Amino acid sequence: MHAVIDVPADRHEAATGFWSAALGWPAGGSWPGHAELRSLEPQAAPPYVHLQEIQGGPRVHLDLEAEEGGALVGRAVGLGASVVGESDRWQTLRSPGGLPFCVLATVDDRPPPPPVTWPDGHRTRLVQVCVDSPASRHPAEVAFWRDLLAGRWVDSPAREFAGKWHDDLGSPIQLLFQRLDEPDGPVRAHLDLGTDDLPAEVSRLVDLGAEDVGPGRGWHVLRDPVGLPFCATENSPASDGRRDLG
C-alpha cells in the first residue's frame, strides 16, 4: 500500500518541499512517462509516498499493489467501487463513498524504511492513512475496505473509530477508519505520522511551515502549506511486520 498526495500544479513545489522535509526523504525525479508524478525516496528502501499534480484541490489517495491487478479491480467493482480511469501501469477507481484509489499489478516485497532520527533524538515515519467517512457513509465504506483487503483487523472501542487494518506482509502503511461528525459528503483520507516524541514532532513540523490546528487524544492535528490536514500521532514509527494495532 502506498500513499499519494495530490496537489494542483501551482502548489506542487510547495507540497514537495514540505513533505520532503517532514519525512526526511529527498524528492526523486518525474516518473518515466508520467511527468505529473514523483516519489519521496528513502535510502535503502522502496518509496511508498508520492506526489501527483492534478486538476482540482489537494487530497490524498491510496495505491494498492497486487500480483493480479485485474482480479483485485474486479473484486473492488463487485463490492461497489467504480472504475474512473486507466493508464499503462494502473487503473483508477473510487470507493463506494468516493475515495480515489489505484490498483497496480506489481508487488515489491522489500521491507519498509526505518524511522528517520532527528538531531534531538526523536524519530518519525509515515505509518498510517486515516480514511475519514461522514456518518451516513461510514458503515458501507468500512465494509468495502474490510471485504476488499486481506489482512488483520482490530476493532476500536471508541465510537469515533471503527478500527485499524494491517496486512502483516510488509506494507509500510496501516489504515485507520474514522467516523466524522458531519452527516454526509465524500469520503476522504489524511496522513498520520508516527513518532516517539509527540511534542517535539509537532514543534518540528510547525517550524517547517505546518499550521497547528490542535491536539487530540494521542495525536495532534496540523495542516500542510497547501491546506491538507494531517496528524502527528503516538503510533510507533518503527517498522514491524506484525504491528500492535490495539
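Answer with one residue from G80, W219, A35: the one whose Cα lies farthest towards the positive end of the charge dipole of the chain, charges on Cβ with Lys, Arg +1 and Asp, Glu -1.
G80
Roughly what % of Cα-Cα distances in the chain sit above 31 Å, to the whole percent?
17 percent
Return the distance in nm (one decimal) between the two label points of a simple spin-label model at A135 and L208, each offset 7 Å from Cα along Cα→Cβ.
3.5 nm
Checking the a/c ratio against 1.5 first, then a/b against b/c, what shape does the Cα gyration tensor give for region 1-45?
oblate
Specify whether the C-alpha gyration tensor of region 116-233 places it in the rounded, prolate or oblate class, a ≥ b ≥ c being the square roots of the eigenvalues: rounded for a/c under 1.5, otherwise prolate if a/b is larger than b/c and oblate if not.
Oblate shape, in that a/c is at least 1.5 and b/c is the bigger or equal ratio.
Quick one: dipole size for region 2-104, taken about the Cα centre, charges +1 on Lys/Arg Cβ and -1 on Asp/Glu Cβ, in debye to the nearest 20.
Value, rounded to 20: 260 debye.
Would you mind pulling out the separation of the Cα centroids of region 128-143 and region 1-72, in Å?
For region 128-143 versus region 1-72, the Cα centre distance is 23 Å.
Only loop residues by DSSP count here, and only those with at most 13 other Cβ atoms within 10 Å; note down the GluC sites (Glu not before Pro) in region 152-246 that meet that.
Sites meeting the loop and neighbour criteria: E160.
Between D120 and A35, what is the label-point separation in nm under the 7 Å Cα-to-beta-carbon projection?
4.2 nm
Relative to the Cα centre, what is the charge dipole magnitude of the chain, using +1 at the beta carbon of each Lys and Arg, -1 at the beta carbon of each Asp and Glu, and rounding to the nearest 20 debye?
Charge dipole of the chain: 340 debye, to the nearest 20.
Please list, short to long, the whole-number percent of alpha-carbon pairs of region 1-111 in consecutive 5 angstrom bins beginning at zero.
2, 11, 20, 24, 19, 14, 7, 2, 0
Counting only Cα atoms, I'd like the Rg/Rh figure for region 123-186, Kirkwood definition for Rh.
0.99
In the chain, which longest range has no trypsin sites (Lys or Arg not before Pro) that are both DSSP loop (not H, G, I, E or B) and surrounded by at most 16 other Cβ atoms within 10 Å?
With a cap of 16 other Cβ atoms within 10 Å, the longest stretch comes to 1-88.
With +1 assigned to the C-beta of every Lys and Arg and -1 to the C-beta of every Asp and Glu, and no other charges, what is the dipole magnitude of region 175-225 about the Cα centre in debye, to the nearest 20?
120 debye
Using the Cα centre of the chain as origin and beta-carbon charges of +1 (Lys, Arg) and -1 (Asp, Glu), tell me which of L169, G151, P47 is placed farthest towards the positive end of the dipole.
Sorting the options by dipole projection puts first G151.
Per DSSP H run of at least 4 residues, take -39500 (n - 2.57); add these up for the chain, divide by its residues and hand me the 222 nm value, nearest 500 deg cm²/dmol.
-5500 deg cm²/dmol
At 0.36 nm per residue, minus the direct Cα-Cα distance, what do A66 and A14 gain on full extension? Give it in nm, one decimal, please.
In short, 15.6 nm is gained.
What nm distance separates the two modelled labels at V77 and A150, each placed 7 Å from Cα along Cα→Cβ?
With each label placed 7 Å out from Cα toward Cβ, I get 2.2 nm.
Coordinate-derived values only; no laboratory data. Keep in mind the model is a prediction, meaning the values are calculated, not measured. Here the Cβ is made from the backbone with ideal geometry for all residues, glycine too, and neighbour counts use every protein chain on show.
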